[in-house]
Each structure stands twice: as C-alpha cells, then as structure tokens.
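Remarks on the structure that follows.
Laboratory data are not the source of any read-out in this text; all were calculated from the coordinates shown. Quick caveat: nothing in here was measured; it's all calculated off a predicted structure. Note that we place each Cβ from the backbone using ideal geometry, even for glycine, and neighbour counts take in every protein chain shown.
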Amino acid sequence: MDLTINFIKEQNLLLILFFAAFIISSLTSGLAGLPYLEVVSKTIPPDRRGEFFAWRFGLAGLGSIIASIFVRWILEPEGPFTFPYNYGILSLIFCFSERYL
C-alpha cells in the first residue's frame, strides 16, 4: 500500500491500486485474527479473559488518542509533508506497526 501511494503519480491507477492493496491488507488481517483468538483461548484461563480484553482495548483506546494527535500533525496543510507523501508516511508507519507491534 505504501509503495502505491509514494511511487505512482497517475491518479486513476493510484486509486485502483490503493484499494486493491487495502482490500488485500484487510483480508489478511481478518484471517490472522482467528489464530490469534485460538492462542488466547488456549493460554489465558476463561475467568481472566475479560480482564485481558479490557486491558487490551483500554490501552488500545489510549494509544489511538495519542496516535490521532500525531496523524493530525502529519495531515495538516502546513505540516511537514505534502500530499500524497503524508499519506504514504502514514501507511508506512501502519505497515511497520502491524508487523512489529
């Protein structure tokens, strides 16, 4: 997805390739969710799963608030990057966060 945003200049092709990459990314993320829940169900006792998911969703919500400030800074018209490079940087960060976090 990052490569399509940063290296393709023709707008119609960029739009088509972006949505194709986004759909592929979404489908693979959805498929990865099933093994994750399988591991959670085998490693966390049933009486502690509620606490686990509460902490997970609570920290994710806090992280999303912090990340929204960063995203607003990147996407500002007076921000450090112009279109489409600001979106390319955000998709690159998404790629690394999905891989390493």
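Positive-end ranking of Gly50, Ser25, Ser97 along the dipole of the chain, with charges on Cβ about the Cα centre, is headed by Gly50. If the segment from Phe22 to Ser64 were pulled out straight at 0.36 nm per residue, it would be longer than the present Cα-Cα gap by 13.1 nm.
Charge dipole of region 2-100 (Cα centre as origin; +1 on each Lys and Arg Cβ, -1 on each Asp and Glu Cβ, all else neutral): 240 debye, rounded to the nearest 20. In the chain, taking the dipole from charged Cβ atoms about the Cα centre, the farthest positive-side position among Ala67, Asn86, Leu3 is held by Ala67. Taking every C-alpha pair closer than 8 Å and separated by at least 6 residues, the mean separation divided by the residue count of the chain gives a relative contact order of 43 percent.
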